[in-house]
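The values are calculated or read from the model by the stated rules, or taken from the named source; none is laboratory data. Since we're looking at a predicted model, the values are computed, not measured. Cβ sites come from the backbone with ideal geometry, for glycine too, and all protein chains shown count toward neighbours. When the accessible area is computed, the model is the full protein with side chains, heavy atoms only, and any ligands, DNA or RNA have been set aside. Shrake-Rupley method; radii C 1.70, N 1.55, O 1.52, S 1.80 Å.
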Amino acid sequence: MDHQDTQKGNISIQPDTLALKEKARQEGLETVWDRFDAQQPQCGFCDLGLSCRICVMGPCRIDPFGEGPQRGICGADADIMVARNLARMVAAGAASHSDHGRDLVETLLAVAEGKAPGYKLTDLEKLSRVAAEFGVAADLPPAAQAKELALALMEEYGIKKGYLQFTKRLPAARLERWQKLGIAPRGIDWEISEMLHRTHMGVDNDAVNILLQALRAALADGWGGSMIATEVSDILFGTPQPIASQVNIGVLKPDQVNILLHGHSPLVSEMVAQAAQDPALLKRAKDLGAQGINLAGLCCTGNEVLMRKGIPMAGNHLVQELALVTGAVEAMVVDYQCIMPSLPDLAACYHTLFFTTYDKAKFPKARHLSFSPENGAALGREVVSQAVENFARRDLKRVSIPAAPQAQVTGFSIEAIVAALGGSPGPLLDAVKAGQIRGAVGVVGCNNPKIPQDYGHVNLTKALIAADILVLDTGCAAVAHAKAGFKEPQAAELAGPGLKAVCQALGIPPVLHMGSCVDNTRIINLCAVLAGALGVDLDMLPVAAAAPEWYSEKAVTIACYAVASGIYTVLGVAPPVLGSAAVTDLLLNGLEAHLGAKFAVEPDPGKAAALIISHVEGKRRALGLDAR
Ligand code: BF8
Ligand code: SF4
């Protein structure tokens, strides 16, 4: 199924999406699919990576058929152009998640200094554990530990001597490979900024050399900025533990004040969640005729508060506009990333208030409340208070919540998985060795209107669990899986006999939610733990990753750090590299000799599953485990 199906109107496999898209059509409201259609045909040069607007001698294009120009005005050929474009995507993706991590570190410091009312140090055990990795003395009181840790984490962003601290979590063999290739990550900002420098006109003109730095920038995110985001979020708000919740647009309540939490960071949403429990605000909501204050998440902010608080999930990337079309949302509060610029206009078609909270992520027509660690708690209260007052303005004639919520269990941090296994990863390894579980695959990433929403995620994952492969998920993929019912313990019935028996014995679903997109670092950390326990490098493990419906620069970065970490990665959408045979060959083949892993591109979820299953069985064989 390719994007032509989408153009024929096959936009989603989800009934709630289809019903609300129809409501939008009836009300004359434009959504992402209308704009997608209006953009057809999309630019073939850009699709192949063969256009460049890095400087204003250009823009330039290269003719893929060999008849027109084969070089840009500066002399860049197809290989240079494609490599530079991909590398800049990686740099932007790494910058996004790593800057999110920086916001957490800034707040950690403010909390340690007693300047952030409403926030606290929640997981002291993790604080000590991570602080110890940075050489912080164990006998300091928590606030002092947090301060030293925050200052040490800030240094990870700058010019470091040596390599990022979290890379020490890896087997030595992996670090040695990186050092040999010159891709062991130094400072986080250093790698991102060097990537931009090297892709300026006339700097690095060797496609392979450019791509190696792209891998290093991606590793600076995966084993740096994103990992910092995950660890510090756990320290501040608690490490997730299994918790029951719900998913799909049916989590909005017709008789309550509905507030949607959208974006990526937990810093604002945690404060909104605190304020929503304030007795005075709850009383005011009741006085205005609402039965309560209902919070629901979208995208990765939704994943953050779902994992830690069980706040239900309204939907993933392609639902963000339609959630407003329910007419039942009093307020949407956003932080940053993946927030469609169309939202404020759509909110204005209803009574919905649209709040922006970061000075680095403003939207015209939004109500802007400027967040800082110092004022976060007050800001949360302000959002909830305005949302409550807005309940009276809801137009009941335009309300439609076309689905009943689906149950899910979430909250599978590594700590929670190890606890479910009885305190050590041993039983998981035993099940893998015995062949009951063949391997594990991270199915992650976005929605993309080129693919019917959730078709890729749900069908790939269904095939993997049926083949006794444990699926770990994050981001928008996780929402798709939950809506399909894969995150209920009863979903064990959908798994092959081996995985089913393990899930039933432990009372867990066959698809484990590990969090938001920065929490892909939980997956690579888990791989490092398993590799360490087996005494092998990560590329020896029977594991893989897949991003069936990815759209964003961040997803390219994640895929790059997965492959550089030794994890075979299958993409459902081709990145814009096919204009260079050399770059394409490097990604699909050449990397493997150096990193033990490579990319594949396969839009058909059935065929992607076959590739992954054969990879997992091949790795089992190489480890001397039974293979099918
Ligand atoms: O960081 S999966 S659409 S929401 S980029 Fe965005 Fe993609 Fe969703 Fe989360 Ni991740
Ligand atoms: Fe054209 Fe080269 Fe400038 Fe790119 S950098 S726009 S290829 S002249």
Within straight-line cross-link reach of residue 500, lysines at Cα separation under 27 Å, skipping those fewer than 8 residues along the same chain: 433, 462, 483, 487, 607, 619
Report, largest value first, the span of the C-alpha coordinates of region 553-607 along each principal axis, in whole Å. 27, 24, 22
Ratio of region 1-119's C-alpha Rg to 2.2 N^0.38 Å, to two decimals? 1.64
Karplus-derived HN-Hα couplings along region 597-611 (A = 6.51, B = -1.76, C = 1.60, θ = phi - 60°), whole Hz, x at Gly and Pro: 8, 8, 9, 9, 10, 8, x, 7, x, x, 6, 4, 4, 4, 4
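Determine the relative contact order of the chain: mean sequence separation of Cα pairs under 8 Å and six or more apart, normalised by residue count, in whole percent. Kindly include the intermediate steps, with their values, before the conclusion.
On the way: 1350 pairs, mean separation 107.2, N = 628.
Rounded, it is 17 percent for the chain.
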Phi angles of region 366-378, converted by Karplus (6.51 cos²θ - 1.76 cosθ + 1.60, θ = phi - 60°) into ³J(HN,Hα) in whole Hz with x for Gly and Pro, give 8, 7, 9, 10, 7, 7, 8, x, 5, 10, x, 5, 5
Eligible lysines near residue 161 by straight Cα distance, threshold 23 Å, same-chain separation 8 or greater: 147, 180
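Translational diffusion coefficient, Stokes-Einstein: compute it for region 78-237 using the Kirkwood radius over C-alpha pairs as Rh, at 4 °C and 1.567 mPa s, and state it as an integer in µm² s⁻¹. Show your work: numbers first, answer last.
Working: Rh = 16.4 Å.
Rounded to a whole number, D works out at 79 µm²/s.
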Mean separation of Cα pairs under 8 Å and 6+ residues apart, divided by the residue count of region 249-398: what relative contact order is that in percent? 30
Dipole of region 3-61, Cα-centred, from +1 at each Lys and Arg C-beta and -1 at each Asp and Glu C-beta, to the nearest 20 debye? 240
Just to make sure I understand: if all protein chains stay in place, what is the order of 446, 46 by accessible area at 1.4 Å, largest first? 46, 446
Quick one: which residues, 5+ away or cross-chain, put their amide H under 5 Å from the amide H of residue 600? H built at 1.01 Å from N. 569, 570, 571
Given the convex hull of the Cα atoms of region 250-297, what is a quarter of its surface area in nm²? 3.4
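Going by average Cβ density within 10 Å per residue, which order do the peptides 303-312, 252-261 take, highest to lowest? Kindly include the intermediate steps, with their values, before the conclusion.
On the way: 303-312: 27.0, 252-261: 22.9.
Averaged packing, sorted descending, gives the order 303-312, 252-261.
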Here region 337-396 gives, from Cα atoms, an Rg and Dmax in Å of 12.4, 38
Please work out the FRET efficiency for the pair residue 43 and residue 288, using the Cβ-Cβ distance as r and a Förster radius of 56 Å; give the result to the nearest 0.05. 0.65
Once phi is turned into ³J(HN,Hα) by the Karplus curve 6.51 cos²θ - 1.76 cosθ + 1.60 with θ = phi - 60°, what whole-Hz value does each residue of region 272-289 show in order, with x for glycine and proline? 5, 4, 5, 5, 5, 9, 5, x, 5, 6, 5, 5, 4, 4, 5, 4, 8, x
Order the following by accessible area, largest value first: 233, 96. Probe radius 1.4 Å; ligands, DNA and RNA are ignored. 96, 233
Using all Cα-Cα distances in the chain, what percent lands in each 20 angstrom bin from 0 up to the longest? 20, 55, 24, 1
Using per-residue counts of other Cβ atoms within 10 Å, averaged over each peptide, order 565-571, 360-366 from highest down. 565-571, 360-366
List the residues whose amide H sits under 5 Å from the amide H of residue 368, counting only those 5 or more places along or on another chain, with H placed 1.01 Å from N in the peptide plane. 356
Enumerate the whole-percent occupancy of each 5 Å bin, from 0 to the last occupied one, for all C-alpha pair distances of region 413-622. 1, 8, 17, 22, 22, 16, 9, 4, 1, 0, 0
Report, in whole Å, the centroid distance computed from the Cα atoms of region 321-349 and region 567-616. 35
Check which residues have an amide H placed less than 5 Å from residue 246's amide H, if you skip close sequence neighbours. 313, 408
Average projection area in nm² (convex hull over Cα atoms of region 493-540, one quarter of hull surface): 4.5
If you scale each eigenvalue of the Cα gyration tensor by 5 and take the root, what three semi-axes come out for region 3-61, rounded to whole angstrom and sorted largest first? 33, 13, 9
Find the centroid of the Cα atoms in region 421-489 and in region 85-116, then give the distance between the two in whole Å. 28
At q = 0.10, 0.19 1/Å the base-10 log of I(q)/I(0) from the Debye formula over the alpha-carbon atoms of region 210-362 is -0.39, -1.20
